[in-house]
1. Quick check on the stretch 105-121. Is at least one of its residues under 30 Å from I21 (Cβ atoms), over 19 Å from the mean Cα position of the chain (by Cα) and at pLDDT 95 or above?
2. Taking the stated definitions as given, is R11 open to solvent by 60 Å² or more (accessible area, probe 1.4 Å), of a type in the set (D, E, K, R) and under 18 Å from L164 (Cβ atoms)?
3. Given the conditions (1) free of Cβ contacts under 8 Å to residues at least 60 places away in the same chain; (2) open to solvent by less than 60 Å² (accessible area, probe 1.4 Å), report the number of the one that L123 does not fulfil.
4. Return yes when I113 is of a type in the set (V, I, T), surrounded by 13 or more Cβ atoms within 10 Å (Cβ to Cβ) and assigned to a strand (DSSP E or B) and no when it is not.
5. Could you please tell me which pairs satisfy a Cβ distance under 6 Å, a separation of 6+ or placement on different chains, a first residue in the stretch 86-100 that is in contact (Cβ under 8 Å) with a residue 24 or more places away in the chain and assigned to a strand (DSSP E or B), and a second residue that is surrounded by 16 or more Cβ atoms within 10 Å (Cβ to Cβ) and of a type in the set (S, T, N, Q)?
6. Could you list, in sequence order, the residues of the stretch 49-64 that are out of contact with any helix residue (DSSP H, G or I) (no Cβ under 6 Å at 6 or more places or on another chain), under 14 Å from F95 (Cα atoms) and open to solvent by 50 Å² or more (accessible area, probe 1.4 Å)?
7. Yes or no: the stretch 39-59 includes at least one residue that is part of a helix (DSSP H, G or I) and at pLDDT below 95.
Amino acid sequence: LGCGTGNLTQRILEHFADAQIDALDLSEEILEESRKRFGNKSTINYLQEDFKSMILTEGKYDLVMSSIAIHHVEDPFKLRLYKEVYQSLKKGGLFIFADQTRGIADEIYFKNIECWKAEALKLGSTEENWNMWMAHQDAHDFHSPVGWHLENLKKAGFDEVDLLSKYLMWGVFWAKKN
């Protein structure tokens, strides 16, 4: 979900070369970049869909994955997305995603952003680039606390949910349909 130019798709194919992949993204231009990257690989099917309204085939998938994309939709649409993913999984299927999160308190959230900024500047970002990203984030990103994600994955029907790792704002979530 939110395949972008195909970084996660590439990693999946490195471990599961024959995987049948539905690569979904909102942007047709980004999907075209992914197509160029992988050529005419017959095991990849491209879908231009919006998380807010997508409908996935019931019981089709063993695994649904996403990396740094779900925070682009507001919370009510995230819950809808979780329900849609749940119904699309086969019994025993997994939903694994990495995404940005919000601290449970503003103090934690803003401290995490400060640490992120310090790391970005240390790695070569400029103050101008940082300000551009923060303006983009303020306009397009909707971060939710870890507990919100776990609670709403359960509400969507997942039997088992967990947070596999967290660093500052980034968390990796795991949910299983039994």
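The values are calculated or read from the model by the stated rules, or taken from the named source; none is laboratory data. The structure displayed is predicted, hence computed values, not measured ones. FYI the Cβ positions are ideal-geometry reconstructions off the backbone, even for glycines, and counts take in every protein chain you see. For accessibility, only protein heavy atoms count, side chains too; no ligands or nucleic acids. Shrake-Rupley method; radii C 1.70, N 1.55, O 1.52, S 1.80 Å.
1. So in the stretch 105-121, the residues under 30 Å from I21 (Cβ atoms) come out as none.
No - not one qualifying residue is present in the stretch 105-121.
2. yes
3. (2)
4. For I113, the condition - of a type in the set (V, I, T), surrounded by 13 or more Cβ atoms within 10 Å (Cβ to Cβ) and assigned to a strand (DSSP E or B) - is not met.
5. The qualifying pairs are F97/S66; A98/S67.
6. D62, L63
7. Looking for residues that are part of a helix (DSSP H, G or I) and at pLDDT below 95, one finds none in the stretch 39-59, hence no.
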